[in-house]
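One structure below.
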Amino acid sequence: MIRSIQSLRFVFIMLVVMSHIIGKSFDFGGESGVSFFFILSGFILSYAYGKKVAEGKFGTKAFIKKQLTKFYPLHLLTFFIMIALDARLERYFEWYRLLPNMLLLQSWIPDDSFFFVANGSSWFLSDLLFFYLVFSLAFSLLTRLSVRRLILVLMIVLAAYVALALAIPMEKVNAVLYANPATRLIDFCIGILLYRYTQSNIGKMEIRWIAARSATMRTAIEICTVLLVVGSFFVYEYSPLGFRCASLFWFVSPVVLFVFVSTDNNGGLVARLLHHPIALWLGSISMEIYLTHWITMRIFYSLLLPYGIGEAERLLPWMICATIGVIILVSYATKRWFVNPIHTTLQEKLR
């Protein structure tokens, strides 16, 4: 386990959660967090299974089954809870909008009314499932191409993306550029390319160079990396919608991952904070936080309404802290008493 990355999962999942607590004025949080996790997925899968893919020992079908046992039961649980919560408010969706969500196919349909129904957060799983399906092929192609051909392919993909981002109507940006698995595959492939870079001679040399710096210098490098993320927030505000929803972070997330992978064994102050047991524990429940936070917020806020705590009060600092605390508690309970037991049972049956 790369400890810093484990904790960074929590940092970026909280950006997503904060975007939903605060609303449209902090869309940066959701879009930066989603891009980070897609790129991270490509990197981590390559890190964990790249050798097996190269040796022809990676089984896509078995891998997908294993991953589904981790998140699909929770997806179904949150799916039906959200339907029940919507029904309580007399809000109903047609079956043909719900079925793709339940089967994790909703992100392929370029219409907000499909991929934001029930537990809207599950669109992320739809993309992730597609990435799992194509991982072996994508890894093989991206790691075997010569540098010259790889650069040519990247230039073609970038030119096509820019053309699409400039041409697409604003109302279709979410459906085509933000949520669609075909376009978000670029993020995933960037993660694979980052892994390739870390395994190259130049990448290894840079990792060794960073690791060999003094503790003060390593801390400075880590702080500069944090400032890069902060700086992207200000760039985001002035970026066209077609670029800030994803491609802005293609240049930020890989740097974050590379730096903290480099300092994981011999880090500065920021890495040491990320290695704290509490930070590592919070990172371990990031998926549960992501899938349950909408439900938790809806129930928590509804319970507070009789006490006069409405939308205006939800952005007060103490209220934001309380909301995050409740989300973490619910996520921990969900992982301990639902996700882990079911995952263990399903894994035993698969074996």
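So here's what we get for this one:
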{"quantity": "Unit charges on C-beta of K, R, D, E only; dipole of the chain, Debye", "calculated": "1440 debye"}
{"quantity": "Gaussian network model of the chain, Cα within-10 Å springs - most flexible of G267, G56, G33", "calculated": "G56"}
{"quantity": "Degrees, to the nearest 10: 147-167 long Cα axis against longest axis of the chain", "calculated": "30 degrees"}
{"quantity": "Whole-percent carbon and sulfur share, accessible surface of segment 193-351, 1.4 Å", "calculated": "70 percent"}
{"quantity": "Electrostatic dipole magnitude of segment 6-160 [Cβ: Lys, Arg +1; Asp, Glu -1; Cα centre; debye, to 20]", "calculated": "880 debye"}
{"quantity": "Rounded tilt (10° steps) of 340-350 against the dominant C-alpha axis of the chain", "calculated": "70 degrees"}
{"quantity": "Segment 266-351 - charge dipole about Cα centre, Lys and Arg +1 at Cβ, Asp and Glu -1, debye rounded to 20", "calculated": "300 debye"}
{"quantity": "At 1.567 mPa s and 4 °C, Stokes diffusion of segment 145-304 via Kirkwood alpha-carbon radius, µm² per second", "calculated": "70 µm²/s"}
{"quantity": "Sulfur and carbon atoms: percent of accessible area, segment 1-138 [1.4 Å]", "calculated": "65 percent"}
{"quantity": "FRET efficiency, 1/(1 + (r/R0)^6) with R0 56 Å, evaluated for M155 and I320 via beta carbons", "calculated": "0.85"}
{"quantity": "For the chain: relative contact order, % (alpha-carbon pairs under 8 angstrom, 6 or more apart)", "calculated": "29 percent"}
{"quantity": "Overall form of segment 15-153 per C-alpha gyration tensor (a/c, 1.5; a/b vs b/c)", "calculated": "prolate"}
{"quantity": "C-alpha long axis of helix 3-22 to longest principal axis of the chain, angle in °", "calculated": "40 degrees"}
{"quantity": "Local electrostatic count, R298, Cβ distance below 11 Å [Lys/Arg +1, Asp/Glu -1]", "calculated": "0"}
{"quantity": "Straight-distance crosslink candidates among lysines, where the alpha carbon sits under 22 Å from K335 and sequence neighbours closer than 8 are dropped", "calculated": "K65, K66, K70, K349"}
{"quantity": "Alpha-carbon centroids, segment 91-163 and segment 175-242: separation in whole Å", "calculated": "20 Å"}
{"quantity": "Backbone HN-Hα couplings from phi across segment 298-314 [Karplus 6.51/-1.76/1.60, Hz, Gly and Pro as x]", "calculated": "4, 5, 4, 5, 5, 5, 8, 4, x, 9, x, 9, x, 4, 5, 7, 5"}
{"quantity": "Accessible surface, segment 145-241, averaged per residue in Å² (probe 1.4 Å)", "calculated": "58 Å²"}
{"quantity": "Choice from T334, T216, T225 showing the highest fluctuation, given a GNM over the chain with Cα pairs closer than 10 Å", "calculated": "T216"}
{"quantity": "Cα-based reach from K24 at 21 Å (exclusive), listing lysines while leaving out same-chain residues under 8 positions away", "calculated": "K172"}
{"quantity": "Percent RCO, i.e. relative contact order, over segment 250-344, from Cα pairs under 8 Å lying at least 6 residues apart", "calculated": "29 percent"}
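The values are calculated or read from the model by the stated rules, or taken from the named source; none is laboratory data. Everything quoted here is computed from the prediction, not taken from an experiment. Glycine also receives a Cβ, built like all others from the backbone with ideal geometry; neighbour counts cover every protein chain displayed. Just so you know, the surface numbers come from the protein's heavy atoms only, side chains and all, with ligands and any DNA or RNA stripped out. Shrake-Rupley method; radii C 1.70, N 1.55, O 1.52, S 1.80 Å.
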